[in-house]
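The values are calculated or read from the model by the stated rules, or taken from the named source; none is laboratory data. Just so you know, these numbers come straight off a predicted model, no measurement behind them. Don't worry about glycine lacking a Cβ; one is built from the backbone with ideal geometry, like all the others, and counts go over all protein chains shown. To get the accessible areas, we keep the full protein, side chains included, count just its heavy atoms, and leave off ligands, DNA and RNA. Shrake-Rupley method; radii C 1.70, N 1.55, O 1.52, S 1.80 Å.
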Amino acid sequence: MQVVQTPEFEAQVKRLRKIYRQIDKDLALLSGLESGVRPQDMRLQNMGGMEIYKARLPNTSARVGTRGGFRVVYRVKDGIVILLLLIWAKSRTVDMPDSQIRRVASQY
């Protein structure tokens, strides 16, 4: 599988990098997506038939583990491409509205 970062995802990582210096180390856990290994993910419902997942990643900068770490939303498209859509820190944003996830996912 090919993993592709969307412009929204890249912009969010850039903002988070200013606060959480070790975010690149945490995002390295997503490298397993290329081989089909998914980190503690769950499929989101009511996404208009799109295959969209939310994964929990640890935040080693804040030392909170996966529970209070990062949330990453990604879409599996045609079974061959994984689009990284959104990322946020659970400690700063509790949850992302489904409408925003659908809006970003439908652009790709």
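Observations on the structure shown:
- Residues in region 85-100 that are out of contact with any strand residue (DSSP E or B) (no Cβ under 9 Å at 6 or more places or on another chain), more than 14 Å from Ser61 (Cα to Cα) and surrounded by 13 or more Cβ atoms within 10 Å (Cβ to Cβ): Asp98 alone.
- Filter result for the condition that a residue is assigned to a strand (DSSP E or B), closer than 14 Å to Val104 by Cα, open to solvent by less than 80 Å² (accessible area, probe 1.4 Å) and at pLDDT 90 or above, over Arg75, Arg71: Arg75
- Conditions (1) part of a helix (DSSP H, G or I); (2) touching a Phe, Trp or Tyr at 6+ places or on another chain (Cβ under 8 Å): number failed by Glu8: (2)
- Within region 6-22, the residues that satisfy the criterion of being under 23 Å from Ala105 (Cβ atoms) and open to solvent by 90 Å² or more (accessible area, probe 1.4 Å) are Glu10, Lys14, Arg15.
- Within region 81-99, considering residues that are at pLDDT 85 or above and assigned to a loop (DSSP other than H, G, I, E, B), the one farthest from the chain's Cα centre (by Cα): Pro97
- Going through (1) open to solvent by 60 Å² or more (accessible area, probe 1.4 Å); (2) closer than 18 Å to Thr93 by Cα; (3) touching an Asp or Glu at 6+ places or on another chain (Cβ under 9 Å) one by one, Arg43 falls short only on (2).
- Ser61 being among the polar types (S, T, N, Q), crowded, with 17+ Cβ neighbours inside 10 Å and modelled with pLDDT under 90: yes
- Pro58 under 17 Å from Ile101 (Cβ atoms) and within 15 Å of the chain's Cα centre (by Cα): no
- Answer residue from region 31-55, given it is modelled with pLDDT of 85 or more and of a type in the set (Gly, Ala, Ser) and is nearest to the chain's Cα centre (by Cα) among those: Ala55
- In region 1-26, the residues that are under 13 Å from the mean Cα position of the chain (by Cα) and touching a residue at least 60 places away in the same chain (Cβ under 8 Å): Val3, Val4, Gln5, Thr6, Glu8, Phe9, Gln12, Val13, Leu16
- Sole residue being crowded, with 17+ Cβ neighbours inside 10 Å and out of contact with any Gly (no Cβ under 6 Å at 6 or more places or on another chain), chosen from Lys25, Lys54: Lys54
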